[in-house]
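Report on the structure given below.
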Amino acid sequence: MTLQFRSLRGDPIDWSRPHPRYASVVTFAPTTFADRRDAGRQLAVHLEHLRDRNPLIIGLPRGGVVVAAEVANALNADLDILVVRKVGAPGQPELGLGAAAEGGVLLLNRALMRQMRITKEQLQASIDRANEELEERLQLYRGARQPIELEGRTVILVDDGLATGGTARAAIGAIQHLGAGSIVLAVPVGAPSTIRDIEPLVEAVVCISAPHMLRSIGQHYDNFSQTSDAEVVALLSR
């Protein structure tokens, strides 16, 4: 099967343009990946056009780092991480009202907060907890190693899937804050509506499979077992 990148409007993507600012999606039937490594290898094929821009590959822990490592290997590119932690609602920590990312970025869903009549002050304890978890994860994954400088660089942000997009939005905000020259979001599978929402925030979105009914990311993997912290550390140490 010949795959063709198309925008969400159905137009073929013209990669000869220096900095396209619309999403690129491979639009075909839902795909199943053997595991995250397989997904990363397949994703790398569709990012080959960025090799000459000396990209920095950033994976979102934990599972996104496994995918990102395969992309970095294929493109012979630098690999790093960006840690994002969910800000949960008071008494409902599983309900994300925002996210905190390294670089001092805090993203809050103001519309949902108004709907639930929750103020930022009421969220402060959850925000503090997210920041504490963020620092703990950074210490665990990086230790004393400094993050790779990304100012002015093309950054390919990689995760193992894109559902609601809260984590990706916070990560994009952090990468912009840190001075990246351009950002490409790359995921094996994603929800079309979320891709549309994120499209204006980045140079391009590369997604292998964008099924109309995305029930869960895990359904698109034969093996979607949890990635361990030790695996993330091992991938970064390489």
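The values are calculated or read from the model by the stated rules, or taken from the named source; none is laboratory data. These figures come from a predicted structure and were not determined experimentally. Here the Cβ positions follow ideal geometry from the backbone for every residue, glycine too, while neighbour counts run over all protein chains shown.
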Which of the residues spanning the range 175-189 are crowded, with 21+ Cβ neighbours inside 10 Å and farther than 19 Å from His49 by Cβ? Ile175, Val189
Quick one: Ser193 ticks every box in (1) assigned to a helix (DSSP H, G or I); (2) touching a residue at least 24 places away in the same chain (Cβ under 8 Å); (3) among the polar types (S, T, N, Q) bar one, so which box is it? (2)
Which residues, taken from the range 224-233, are exposed (fewer than 12 other Cβ atoms within 10 Å of the Cβ) and over 14 Å from Val67 (Cα atoms)? Ala230
Which residues, counting only those in the range 70-98, are in contact with a strand residue (DSSP E or B) (Cβ under 6 Å, 6 or more places away or on another chain) and part of a helix (DSSP H, G or I)? Val71, Ala72
Out of the residues in the range 158-177 that are closer than 17 Å to Lys86 by Cβ and of a type in the set (A, V, I, L, M), state the one that is nearest to the chain's Cα centre (by Cα). Ala168
Does Asp222 satisfy the condition of being more than 18 Å from Leu82 (Cβ to Cβ), modelled with pLDDT of 95 or more, among the charged types (D, E, K, R) and more than 13 Å from the chain's Cα centre (by Cα)? yes
What is the residue count in the range 156-183 for residues that are in contact with a Ser or Thr (Cβ under 7 Å, 6 or more places away or on another chain) and of a type in the set (Val, Ile, Thr)? 1
